[in-house]
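Q: Would you mind keeping the following structure in view while I ask a few things?
FYI, it's all coordinate maths here, none of it is from the lab. Keep in mind the model is a prediction, meaning the values are calculated, not measured. Reconstructed Cβ throughout: ideal geometry from the backbone, glycine too, with neighbour counts over all protein chains shown.
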């Protein structure tokens, strides 16, 4: 299969009555979705945009988003999803940066502010239906054509557009499909923002496998979250680590009820505390529990089923079907790595991005000869398991002694009074740095600093125990729920 939209066309013929997408209490079958996708592609074709034109879309967990996404692909253009919270100024800036031919959004953008044509997202499906007719013919996109541009903060901290070919999108989607052994009757609940790489890839894996995806707008309405699981007989869920933590704190018993129903839970995109993994294993004994490692630049490259292989701390599994993972030194030379000889994780294979849009220098900083060189510190053991210990910039160096913040955090999160925590470096009076720990307490708890230090001393070397401990109301998080280490203080 050369593209996800080609898979959509095949399943529209094979199983036209199968539900493809559910959102906003509405369902659309494969047959219906394929007709609307063709109609929207025909609408775009009539615009006579040059092939490969960028079309930006203010994302939403809605059926119209799927129609526009695959319609853009089918028309030979490039899909650029944007944050659902983005305002008019942000839309204009991204459209200008990309030289977009069209913007699809639910915003009123003043005339003259943007060169691109603006289409209301509310009109997408009506436009698709108006432009559909029997007998429409399209050439499917070829593997080398750019499929999506995904905006990410990535490895340099600067906003940049990751260009993915259709080949890479299919390869990454296959990694998820085979890594999680997606069942033929799977129903995937995706509450994470659909413009984020991990979420849009669950839409893609559902279409590639001819199964069903359920789009939900976030985790904040816990009642609705469980109502969707019950009503639509959900069998798989995408849950970022922050969402897992919230569910364990607020709705553990509710989640435990679905151990027999859930085939798997997919977690990734950020560090995942070992204590949370252990707790999920306890309450969901019949569910496969996957932690996925990857990035926007290379997709999902490994998956670790910690419900089977317990106790491998910091393990991210073995390389997936379409990815090669190896360890390099500071000069990008491959090394024989081990727990005592760590290096930086590098990735090659068809999953690798084409580059950052209009940013050759940034691209050269991470991509060379088809290899993505990450800033993730890790090693590969003798059985082929990959371990990711943290980001190079996050490691705390005290006179040559190195501390991985996640190691400290994993220990602290096992302390019963702690709801969340973050370890990071701060300057000391001697001009060096020391580790500091910010903790969020569970409701009704008070911090016994001496007891917490004693707990850490049982599991950590003395130099790894934070010199400063501070109670905070909350930790800074990015828009997709990751810990924002740059804003810790």
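Q: Between residue 118 and residue 426, what length in nm is gained on full extension when 0.36 nm per residue of separation is reduced by their alpha carbon distance?
A: Between residue 118 and residue 426, full extension yields 106.2 nm more.
Q: Taking only Cα atoms, what is the 0 to 90° angle, nearest 10, from helix 63-74's long axis to the longest principal axis of the chain?
A: On a 0 to 90 degree scale, this one is about 70.
Q: Run the quick spin-label model on residue 331 and residue 133: label points 7 Å from Cα toward the beta carbon, then report their separation in nm to one decimal.
A: In this crude spin-label approximation the distance works out to 6.6 nm.
Q: A further question on this structure: Given C-alpha coordinates of region 395-487, what is the ratio Rg to Rh with the Kirkwood estimate of Rh?
A: Here Rg/Rh amounts to 0.95.
Q: Any chance you could check the Cα centroid distance between region 1-33 and region 242-296 for me, in angstrom?
A: That distance is 28 Å.
Q: So for each of 358-368, 434-444 I average, over its residues, the number of other beta carbons within 10 Å; can you give me the resulting order with the highest mean first? Working shown, then result.
A: Numbers: 358-368: 14.2, 434-444: 16.5.
Packing order, densest peptide first, comes out as 434-444, 358-368.
Q: Kindly give the semi-axes, whole Å and largest first, of the ellipsoid equivalent to region 1-124, taking each as the square root of 5 times a Cα gyration tensor eigenvalue.
A: Whole-Å semi-axes of the equivalent ellipsoid: 26, 16, 11.
Q: Still on this model: Which value results for Rg/Rh of the chain when Rg is the Cα radius of gyration and Rh the Kirkwood radius based on the inverse mean 1/r?
A: On the way: Rg = 23.0 Å, Rh = 23.6 Å.
Rg/Rh: 0.97.
Q: Further question on the same structure: What length, rounded to one decimal in nm, is gained on full extension from residue 181 through to residue 107, with 0.36 nm per residue of separation minus their alpha-carbon distance? Each step should come with its number before you reach the end.
A: On the way: separation 74, 0.36 × 74 = 26.64 nm, distance 3.98 nm.
That works out to 22.7 nm of additional length.
Q: Which percent, nearest 5, of DSSP beta bridges in the chain are antiparallel?
A: Just about 60 percent of them are antiparallel.
Q: Indicate, rounded to the nearest 5 percent, the antiparallel portion of the DSSP beta bridges found entirely in region 56-185.
A: 40
Q: A further question on this structure: In degrees, nearest 10, range 0 to 90: what is the angle between the Cα axis of helix 166-179 and the longest Cα principal axis of the chain?
A: 50
Q: Report the label-to-label distance for residue 401 and residue 217 in nanometres (one decimal), using points 7 Å from each Cα along the Cα→Cβ vector.
A: The two pseudo-label positions are separated by 5.1 nm.
Q: With angles folded into 0 to 90 degrees, how steeply does helix 88-98 sit against the dominant principal axis of the chain? Use alpha carbons for both and round to 10.
A: With both axes taken from Cα atoms, the answer is about 80 degrees.
Q: Let me ask something else about it. How would you rank 260-270, 36-46, 309-319, highest first, on the average number of other Cβ atoms within 10 Å across their residues?
A: On the way: 260-270: 20.3, 36-46: 22.4, 309-319: 17.2.
With the highest mean Cβ count within 10 Å placed first, the list reads 36-46, 260-270, 309-319.
Q: Here is a further query. Of all DSSP beta bridges located in region 395-487, what percent are antiparallel, nearest 5?
A: Values: 13 of 17 bridges.
Percentage antiparallel, nearest 5: 75.
Q: Let me ask something else about it. Subtracting the Cα-Cα distance from 0.36 nm times the residue separation, let me have the gained length for residue 89 to residue 381 in nm, one decimal.
A: Full extension from residue 89 to residue 381 adds 100.3 nm.
Q: Hey, another quick one. Does a label point 7 Å from the Cα of residue 454, set along Cα-to-beta-carbon, have any residues of region 396-416 with amide nitrogen under 19 Å, and which are they?
A: Hits in region 396-416 for residue 454 at 19 Å: 411-416.
Q: Here's another thing I want to ask about it. Expressed in nm², what is the orientationally averaged projection area of the convex hull enclosing the Cα positions of region 254-323?
A: 5.0
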